[in-house]
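Engineer: I'd like to ask some things about the structure below.
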Amino acid sequence: MTRVISEDVGRFSQHYPKLVMLVTAQAKGKGNAMAVAWHTSISFKPPLYGVSVSPKRFTYQLIVDGKEFGINFSPFEAAELIASVGGSCSQEIDKFQRFNIATSKPVKAAVPILEAAYAAYECKLVDDRGYGDHRWLVGEIVAVHLREETFTANAIVALDKVNPSLYLGDEHYLTAAKNTIRRLDREVYGKR
Ligand SMILES: Cc1cc2nc3c(=O)[nH]c(=O)nc-3n(C[C@H](O)[C@H](O)[C@H](O)COP(=O)(O)O)c2cc1C
């Protein structure tokens, strides 16, 4: 295989597929949802989650105003919902109405929690920093919502019950193949 090295970084989507989720926010009586592929957990104590959001997104303004955001993991069967909220701006439409998005009540933060999500985090904004053309928003998770049956006793996603939504880039979505799961204990493998 020919290895190509380039200083032209381009859109650098070589690290995909990524789990894609929906960030929700609410402020001044307006709620919204957007698709986000750039996100990660940061810390256990306190429980911190980071999302990379362009300041051009209307959702960014809502998060800055409301100081809270929601992280919603929806199944692959709802990938069209991800493409819909990720392809529209809530300055022009009410996405909840247009795409018929059902929400459930939050407990600690005033953010919409998506009914379709198999897991969701309510977050309080603790930091907002600019890196290049995106803002790195850090939220402290103050409540977790989950569909119990979609997680194993060891708190991992039960792939026989739910298909996570992965994003490959260039508008392509996929899910994880359960027949590829291998349990490789780090304690055992680290000592080989
Ligand atoms: C699969 C997918 C992943 C996306 N990931 C991000 C992301 O990580 N950060 C970001 O700022 N925008 C991301 N977007 C773009 C926003 O979701 C999109 O611009 C959306 O329309 C913003 O809505 P708003 O203006 O109502 O906030 C993504 C879009 C798609 C379809």
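The values are calculated or read from the model by the stated rules, or taken from the named source; none is laboratory data. These numbers come from a predicted model, not from an experiment. Counting neighbours? That spans all protein chains shown, and the Cβs are built from the backbone with ideal geometry, glycine included. Heads up: the accessible areas ignore ligands, DNA and RNA and are worked out on the full protein's heavy atoms, side chains in. Shrake-Rupley method; radii C 1.70, N 1.55, O 1.52, S 1.80 Å.
Engineer: Starting from segment 62-74, take each residue that is over 11 Å from D127 (Cα atoms) and list its partners that are assigned to a helix (DSSP H, G or I) and open to solvent by less than 10 Å² (accessible area, probe 1.4 Å), counting only C-beta distances under 7 angstrom and pairs at least six apart or across chains.
Structural biologist: Pairs that qualify, where the first residue is over 11 Å from D127 (Cα atoms) and the partner is assigned to a helix (DSSP H, G or I) and open to solvent by less than 10 Å² (accessible area, probe 1.4 Å), are F69/I63; S74/I82.
Engineer: Sticking with this structure for a sec: Applying the selection to segment 81-99, what residues are among the charged types (D, E, K, R) and open to solvent by 30 Å² or more (accessible area, probe 1.4 Å)? Please lay out each step first, then the result.
Structural biologist: We begin by selecting, within segment 81-99, every residue among the charged types (D, E, K, R); these are 92, 94-95, 98.
Of everything in segment 81-99, those that are among the charged types (D, E, K, R) and open to solvent by 30 Å² or more (accessible area, probe 1.4 Å) turn out to be E92, D94, R98.
Engineer: Any idea how many residues of segment 31-58 are open to solvent by 10 Å² or more (accessible area, probe 1.4 Å) and more than 10 Å from the ligand (Cβ to nearest atom)?
Structural biologist: Summing the residues that are open to solvent by 10 Å² or more (accessible area, probe 1.4 Å) and more than 10 Å from the ligand (Cβ to nearest atom) in segment 31-58 gives 11.
Engineer: List the residue pairs whose Cβ atoms are under 8 Å apart, where the first residue sits in segment 18-29 and is free of Cβ contacts under 8 Å to residues at least 60 places away in the same chain, the second is in a strand (DSSP E or B) and open to solvent by less than 10 Å² (accessible area, probe 1.4 Å), and the two are 6 or more positions apart or on different chains.
Structural biologist: Sorted first by the residue in segment 18-29, then by its partner, the pairs are V23/A33; V23/V36; V23/V51; V23/V53; V23/F69; V23/G70; V23/I71; V23/N72.
Engineer: Go through (1) assigned to a strand (DSSP E or B); (2) under 17 Å from S41 (Cβ atoms); (3) open to solvent by 40 Å² or more (accessible area, probe 1.4 Å) and name the single condition L168 misses.
Structural biologist: (2)
Engineer: I would also like to ask the following. Does segment 59-80 contain any residue that is surrounded by 14 or more Cβ atoms within 10 Å (Cβ to Cβ), among the β-branched types (V, I, T) and over 15 Å from the mean Cα position of the chain (by Cα)? Give the derivation first.
Structural biologist: So the first thing to find is which residues in segment 59-80 are surrounded by 14 or more Cβ atoms within 10 Å (Cβ to Cβ), and the list is 59-64, 66-76, 78-79.
Still in the running and among the β-branched types (V, I, T): 59, 63-64, 71.
The next check asks that each one be over 15 Å from the mean Cα position of the chain (by Cα); those that pass are 64.
Yes: one or more hits.
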